[in-house]
Amino acid sequence: MKPTHLAAALVVSLLICTLTGCDAATRPPQDKSASGELDFGTVSGSTYSNRFFGFTLTLPEGWSIQSQEAQRDMLKRGGEMIAGSDKNLKALAKASELQTVPLLTAFAHPMGAPVAHNAGINAVAERVEHMPGIRKGSDYLFHMRKALEAGQMKVVFPKDVWTERVGGRDFDVMPLELPVGALTVRQRYYVVVLKGYALGFITSASSSNDEAQLKKIIDSVRFN
């Protein structure tokens, strides 16, 4: 089974929610695991913490945080959007659900707010320890790009992948552009391979102000 089909669904589902809103409950994610196991993370004030990966990030005050149920619903919608009527892609997306954990999804405005585009950030972890060929973020992003190119949506890749320091670690970064009518949504996918998982942050913006705000969130990431 190839990785990143569900991660590609996250890209599309984040786009869906930032444009149309998601009618799902909003509440901070809850840590449901014992120490040493992969956890969803917790939110205190505006700070998200994940003890398994050992990082924190700070959201701007007033951002809307989605529940785990809402995030799973987003994944389902995104998977359906990518796969269309392709049975093989549907099967791969379904199988990937067992490998992927959505950690955090947050938006600048509450879902359904009267805005053309709602800037957002997503954190996700996909298990890759059974795939020895994925040693760094760029390996993961190679497969993610293939999954998106095989899907039903038009996705533009304006630049090659580059490496960027995030919280003291080297993340590989892939930019995406998704034309939606007269609007172009610009996303960046930051990935590092850590503890047998591909840990990724997805940002979604449609303006320079959105991009600056999302960059501040990425710059706030700190690893223990």
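Just so it is clear, none of the values below were taken in a lab; they were calculated from the coordinates. Because the structure is predicted, anything quoted here is derived from the model rather than measured. Note that each Cβ is placed from the backbone with ideal geometry, even for glycine, and that neighbours are counted across all protein chains shown.
Between the stretch 100-157 and the stretch 175-213, what is the C-alpha centre distance in whole Å?
The two parts, judged by their Cα centres, are 8 Å apart.
Quick one: of LYS136/LYS159; LYS154/LYS216; LYS146/LYS216, which pairs are farther than 26 Å apart, Cα to Cα?
In this structure, LYS154/LYS216; LYS146/LYS216 exceed 26 Å between Cα atoms.
Treating only the Cβ of Lys, Arg, Asp and Glu as charged (+1, +1, -1, -1), what charge dipole size does the stretch 91-223 show about its Cα centre? Round to the nearest 20 debye.
Values: 16 positive and 13 negative charges, 29 e Å.
Magnitude of the dipole: close to 140 debye.
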